Amino acid sequence: MKTMRKTLVLIIGLTPFTLSTAETVDSYTTESDGVLCQTSGGKKLKLQVCSGNIIRVVYTSQATIPAPQGLVVSKTSFTPGTWNATDNGTAIVLTTPKVTATVTKSNAAISFANSSGTAICSEVVNGRTLTAVTKGGVAGFSGTLAFDSPTDEGVYGLGNLSCKNPLWPSGWWGANCPDNGVGVLNYRSLTADMRQCNWYDVIPFFMTTRGYGVLMNFMCHAVKNPPLNFIADFLLNKNWDYYFIYGPQFDTIISGYRDLTGSAPMLSKWAYGFWQCKNRYQSATELTNAVSGFRSRNIPLDCIVQDWQWWLGTTSGWGSFVWNSNYPNPGSMITTIHNNNCHFAVSLWEIFSPGYANYTTMQPYLFSCSANGGTYFDVFNATAAQLYWNMVDTSLFTRGVDGWWMDATEPECPQLTGFNCGMGMVDLVSNAYSLVSCKSIYEKQRAVSSAKRVVNLTRSFYAGQQRFGTIYWNGDLHANDIDQIKMTVIGGLNSCMAGNPYWCSDIGGFNQDCNPGTAACEEIFTRWFEVGTFFPIFRVHGTRNTEIYNYNATTQAACIAFDQLRYRLMPYIYSLAWKVTKENYTITRALPFDFPSETNVRTIGDQFMYGPVFLVNPVLTMGATTRSLYLPLGRWNDFWTGDTLGGGRTLTGVAAPISRIPVYCRGGSILPMGPNLQWATQKQADTIELRVYPGANGSFTLYEDESDNYNY
């Protein structure tokens, strides 16, 4: 290994309830890790000290407080450190060196303050409730959870809730689809139906500009109402279970979240290079010719992807796991790709259709949940998950496949509800289908090989999924609508602010043919490619000939230049990836991450920091050759010209010809750049170009390792 250094609130939603007299605290006891309150409603309220800045809250009708559940929250043992609890007559006050939690006896509501006594967050009185419900003959509880929120608060996270998607029924997300459906960065005023679907992904974690975050430990369908009112319709363990995380820095909050749900492992170095995809390569010859097309033109490339219908029966052979006749020797095909210094990923679907041996094998574990002529299997069932991996391993992994593209893991059926699964009633865990399926693939690949890091691109994402080598992509976007780029950026940033470090999009869009040679399509593709260079994962996809060399000369020149830039930035990008794993860092950063004191950045969703150096400003208007943007406080350098500018101001008419987007480098930052490469591991960057941008003290840790395997 090598390393270098009292308000009554009625919340309207799924489960109506009647407000009653406020529940009071009747008594409390001090335990080894916190305080346990008994309420007048016969419930228990536990405040568990997990660390100096993390407090777990459990509210239940059960006889005992359940241990942390190990799907979302992987950490089950905590060292609470120094804390104390007192009774001041009106409230029970629990204090750590960083945060104070107060339970008011007259209403059992909890409030939080920092070590200076400044109020951070408080539950709405009567906003935390449990209501008995029955689903599919199974008794359980729905619940409400509401927090106060001042009007100037920025609320972020909760996944990708941008919703410009005509593929799904209107009203799927509730009443509000802001900004013509493209979305907004600040989710405070958003009404959202928190149900997984294509283009739309839920993570039950948010953080705010008041310096705290909340992880709600549930996996069921839920609703968010403004500003911070939540309704969950079938709570796991029949209780509210949430974690309050104090920062106040966003990086500290995200680190606390990943401490609870699991750190993100390093992806293989090739995964940070350029991915080439299309809908779809239809033969081994097409695949290998595409790779050769990149290599012969000296266009950098690291991975090519085989999309769906590579299997026997194509449209009707879901789950056959037999390569069709267009791929007569898949092992040899993959070897050819590898010999051309490229990696290979393949599309996986978790559905099976009749007529094939695997359908009979999986039939006892199939849900009554169908899509595209196939039926989803119960990923929550351990036996079914092992059978599925056996198929994947035999047909794909042992033949040399390097990465997975787990498609439609929402799953793609109208509702996952009303039947049993391996964890009981499926309604308890319906939003976590993707989490569990990715967990299974990760653990089973790790069990048979440590030579390849797990790389898994998936269309759905849930809390904790980052610990399984996963990358989120935001679904089947439209290729003929430049608004899709803005929706992608906003959704990606909020996905990051929900703790997910790795995401990408279909650069150029998937749906609606938008072919090379059409002026609008060339422009949209170019603008998408330029900003996609600064996504954590860099990937083209679409229903057309998506290879760069199929576009006109102007588009090719711009995209090849940005592709080459991506590879020159590999020392920087791979070092940031190490920070993700080692320090729980976030690469793509909404401006409130780094400029928390500037209130005017709280709603800016079309600019972002890429690591500590770059301020990226995509062009999101058709025909535009300039754009306006905000430069945060500090000193900035134009990446293209070297011009120095002062921040804290709005710039208008910034040059943005079709060949580039405005990019600035922050004063006080250090940027390592490497040589021109054709693939990420072509050679180690033995000669590093260091660009030092003056204006403040700075440092940068350069990281290298063996590029794959788990020896880091």
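Since every read-out is calculated from the coordinates, none of them should be taken as a lab result. These numbers were taken from a predicted model, which means no experiment stands behind them. In this analysis, Cβ positions are derived from the backbone assuming ideal geometry, glycine residues included, and neighbour counts consider all displayed protein chains.
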Once amide hydrogens are built 1.01 Å from N within the peptide plane, the residues lying 5 or more places from Met194 or on another chain with amide H under 5 Å from its amide H are Ala222, Val223, Lys224
Given unit charges at Cβ for Lys, Arg (+) and Asp, Glu (-), the dipole magnitude of the chain about its Cα centre in debye, nearest 20, is 780
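Report Rg/Rh for the range 502-607, rounded to two decimals, where Rg is the Cα radius of gyration and Rh the Kirkwood radius. It would help to have the intermediate numbers written out before the result.
Numbers: Rg = 16.1 Å, Rh = 15.5 Å.
For the range 502-607, the value is 1.04.
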Given the candidates Pro227, Ser74, Met622, the one whose Cα lies deepest towards the positive end of the charge dipole of the chain, counting +1 at each Lys or Arg C-beta and -1 at each Asp or Glu C-beta, is Ser74
The range 43-175: relative contact order from alpha carbon pairs under 8 Å, six or more residues apart, as a whole percent, is 12
A student applying the Cα gyration tensor rule (rounded when a/c is under 1.5; otherwise prolate if a/b is larger than b/c, oblate if not) would label the range 187-234 prolate
The long-range amide H neighbours of Phe639, using H built 1.01 Å from N in the peptide plane and a cut-off of under 5 Å, are Val663, Tyr664, Cys665
The answer for Phe461, listing residues at least 5 apart or on another chain whose modeled amide H is closer than 5 Å to its amide H, is Val202
Taking a ≥ b ≥ c as the square roots of the eigenvalues of the Cα gyration tensor, with a/c under 1.5 meaning rounded and otherwise prolate when a/b exceeds b/c and oblate if not, the range 40-117 is oblate
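Compute the length gained on full extension between Thr652 and Ser628: take 0.36 nm times their separation in residues and subtract their Cα-Cα distance, giving the result in nm to one decimal. Write out the running numbers ahead of the final one.
Values: separation 24, 0.36 × 24 = 8.64 nm, distance 0.42 nm.
So the extension gain works out to 8.2 nm.
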For the range 525-670, whose charge dipole is built from +1 on Lys and Arg Cβ atoms and -1 on Asp and Glu Cβ atoms, the candidate among Gly611, Ser575, Val540 with its Cα farthest towards the positive end is Ser575
Taking r as the C-beta separation of Asp33 and Thr383 and R0 as 45 Å, the FRET efficiency to the nearest 0.05 is 0.80
Here the net charge surrounding Ser669, from other residues whose Cβ is less than 15 Å away from its Cβ (Lys, Arg +1; Asp, Glu -1), is +2
Excluding residues fewer than 8 positions from Lys439 in its own chain, the lysines with Cα under 23 Å of it are Lys75, Lys269, Lys452, Lys579, Lys582
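Suppose every Lys and Arg Cβ carries +1 and every Asp and Glu Cβ carries -1, with no other charges. What dipole size does the range 563-712 come out with about its Cα centre, to the nearest 20 debye?
On the way: 13 positive and 13 negative charges, 92 e Å.
Magnitude of the dipole: close to 440 debye.
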Under the helix-only model (-39500 (n - 2.57) for each DSSP H run of 4 or more, divided by the residues of the chain), the mean residue ellipticity at 222 nm, to 500 deg cm²/dmol, is -5500 deg cm²/dmol
A correct Karplus calculation of ³J(HN,Hα) over the range 234-246, with 6.51 cos²θ - 1.76 cosθ + 1.60, θ = phi - 60°, whole Hz and x for Gly and Pro, returns 7, 7, 4, 6, 6, 8, 7, 9, 9, 10, 8, 10, 9
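Please give me, ordered by residue number, the chymotrypsin sites (Phe, Trp or Tyr not before Pro) of the range 193-287 that lie in loop per DSSP and have at most 11 other Cβ atoms within 10 Å. Before the final figure, lay out the partial values.
Working: sites: Trp199, Tyr200, Phe205, Phe206, Tyr212, Phe218, Phe230, Phe234, Trp240, Tyr242, Tyr243, Phe244, Tyr246, Phe250, Tyr257, Trp270, Tyr272, Phe274, Trp275, Tyr281; in loops: Trp199, Phe218, Phe234, Tyr281.
Sparse-neighbourhood loop chymotrypsin sites (Phe, Trp or Tyr not before Pro): none present.
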HN-Hα couplings for the range 72-82 via Karplus (6.51, -1.76, 1.60; θ = phi - 60°), in whole Hz with x for Gly/Pro, come out as 6, 9, 7, 7, 10, 10, 10, 10, x, x, 7
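Hey, with R₀ at 56 Å, roughly what FRET efficiency would Ala696 and Ser449 work out to, going by the Cβ-Cβ distance, to 0.05?
Working: r = 44 Å, r/R0 = 0.79.
Calculated transfer efficiency: 0.80.
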Under the Karplus relation with 6.51, -1.76 and 1.60 and θ = phi - 60°, whole-Hz ³J(HN,Hα) for the range 50-67, x at Gly and Pro, equal 8, 6, x, 10, 10, 10, 8, 10, 10, 10, 8, 9, 6, 6, 10, 7, x, 5
Sparse-neighbourhood loop hits (trypsin sites (Lys or Arg not before Pro), the range 581-648; DSSP loop; Cβ within 10 Å at most 10 others) -> none
Dipole check, the chain, charges on Cβ (K,R +1; D,E -1), about Cα centroid: among Ser460, Ser440, Val57 the Cα furthest to the positive pole belongs to Val57
Straight-line reach check, Lys43, cutoff 20 Å on alpha carbons, 8 or more apart in-chain or any other chain, hits among aspartates and glutamates -> Glu23, Asp26, Glu31, Asp33, Asp87, Glu123, Asp233, Asp241
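Add +1 for every Lys or Arg and -1 for every Asp or Glu among the other residues with Cβ under 9 Å from the Cβ of Cys220, and state the total. Can you show the working numbers first?
Details: positive: none; negative: Asp233, Asp427.
Summing Lys/Arg as +1 and Asp/Glu as -1 gives -2.
Could you order the peptides 483-491, 42-50, 553-561 from most to least packed, using the average number of other C-beta atoms within 10 Å per residue? Working shown, then result.
Details: 483-491: 25.7, 42-50: 20.9, 553-561: 17.4.
Most protected by this proxy first, the peptides run 483-491, 42-50, 553-561.
Go through 399-405, 692-698, 53-59 and give me the packing order, highest mean Cβ count within 10 Å leading. Write out the running numbers ahead of the final one.
Numbers: 399-405: 21.4, 692-698: 13.4, 53-59: 24.3.
With the highest mean Cβ count within 10 Å placed first, the list reads 53-59, 399-405, 692-698.
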The orientation-averaged projected area of the Cα convex hull of the range 80-123, in nm², is 3.1
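What is the chain by shape, rounded, prolate or oblate, if you read a ≥ b ≥ c off the alpha carbon gyration tensor as root eigenvalues and call it rounded for a/c under 1.5, prolate for a/b larger than b/c, and oblate otherwise? Could you put the intermediate results ahead of the total?
Working: a/c = 1.78, a/b = 1.28, b/c = 1.38.
Here the chain falls in the oblate category.
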